[in-house]
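Presented below is the structure to which this report refers.
The values are calculated or read from the model by the stated rules, or taken from the named source; none is laboratory data. What you are looking at is a predicted structure, and each value in this text was computed from that prediction instead of being measured. Positions of Cβ are backbone-derived with ideal geometry, glycine not excepted, and every protein chain shown enters the neighbour counts. Only protein heavy atoms, including side chains, enter the accessible area calculation; ligands, DNA and RNA are left aside. Shrake-Rupley method; radii C 1.70, N 1.55, O 1.52, S 1.80 Å.
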Amino acid sequence: NTIYADATLGWLYPHRSALRDAVAQFIPNWGTGISYATRILGDEHSAVIAVTDTPELFGNEIRTLSAVDMVAGKIIRFVDYWDGRHFGADAVTKLRAPDDEFPASLGAETAPGTTNAAIREASDALNDAFGANDANRAAARFTDDAVFEDLTLRTQIQGRLAIARYLRRTNRNLPYAQSASVTHVLGDDMGGGYEWKSASKTVRSGLIAL
């Protein structure tokens, strides 16, 4: 019953055999390429994982944030989110599913998600502040020495006051602040994140790591 999805390309494999058949096409070309996790936020039930794929695997380096759900030690859902522009816009366009075939759901409804109250409260509160275009309320969710990293813009902002200034300038243009709703929460009180769905036509969904 495992679901795998690539949220950038709109690829959805609703069961393990479909995923196995797809991966079998790529493995012979992988050569010396490797894929490895650089950070894991969560527990044995669900997590957000930062992953690096070296260029030998797919022709260019890919850095993903992945949403992973597990039951009894087995992965039941794995969704990759990554910035296609650094892979090459033309290459991504050729691989991306057409708009009328792009999946409306990435299988979040099939996974139980976390029951941890702390990460759920943090995710909902931050999303609500973004949606209200309230930069001060969003910034209040951060500590004085917090780091806000935008992986798409390759931008890092340090400190709550700087984060507040950044959000006041950019909040109206951020896809996760344009009427975005939380679709799935992962992790525990040591870290995790949430997947969101937006009304934006340019970026339909994404994943925020906390």
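Could you please tell me the mean projected area of the C-alpha convex hull for the chain, averaged over all directions and given in square nanometres to one decimal?
11.7 nm²
What accessible area per residue comes out for the range 1-156, rounded to a whole number of Å², with a 1.4 Å probe?
With all protein chains present, the range 1-156 gives 58 Å² per residue.
Between the range 69-120 and the range 172-210, what's the alpha-carbon centroid distance in Å?
The two parts, judged by their Cα centres, are 11 Å apart.
Let me have the relative contact order for the chain, percent, based on Cα pairs under 8 Å that are six or more residues apart.
Rounded, it is 20 percent for the chain.
Grab the other residues whose beta carbon is less than 10 angstrom from that of residue 191, score K and R as +1, D and E as -1, and report the net.
Residues near residue 191 contribute -2 overall.
Please build a GNM for the chain, connecting alpha carbons under 10 Å apart, and tell me which residue among 73, 187, 131 fluctuates the most.
Ranking 73, 187, 131 by mean-square fluctuation puts 73 first.
Using the Cα centre of the range 90-203 as origin and beta-carbon charges of +1 (Lys, Arg) and -1 (Asp, Glu), tell me which of 142, 106, 161 is placed farthest towards the positive end of the dipole.
161
Arranged from highest to lowest average of other beta-carbon atoms within 10 Å per residue, in what order do the peptides 93-102, 80-89, 33-42 appear?
For the peptides 93-102, 80-89, 33-42, the packing ranking is 80-89, 33-42, 93-102.
Who wins for biggest fluctuation among 79, 147, 48 in a Gaussian network model of the chain, springs between alpha carbons below 10 Å?
The residue that fluctuates most here is 147.
Only helical DSSP H runs with n ≥ 4 go in: add -39500 (n - 2.57) per run for the chain, normalise by residue count and round the 222 nm mean residue ellipticity to 500 deg cm²/dmol.
Theoretical 222 nm ellipticity from helices: -7000 deg cm²/dmol.
Mind checking the dipole of the chain: about its Cα centre, +1 per Lys or Arg Cβ, -1 per Asp or Glu Cβ, Debye to the nearest 20?
Using Cβ point charges on Lys, Arg, Asp and Glu, the chain gives about 500 debye.
Ignoring ligands, DNA and RNA, please state the percent of accessible area on the chain from carbon and sulfur, probe 1.4 Å.
Its accessible area is 52 percent carbon and sulfur atoms.
With an 8 Å Cα cut-off and a minimum separation of 6 or more residues, compute the relative contact order for the range 130-210 in percent.
It rounds to 23 percent for the range 130-210.
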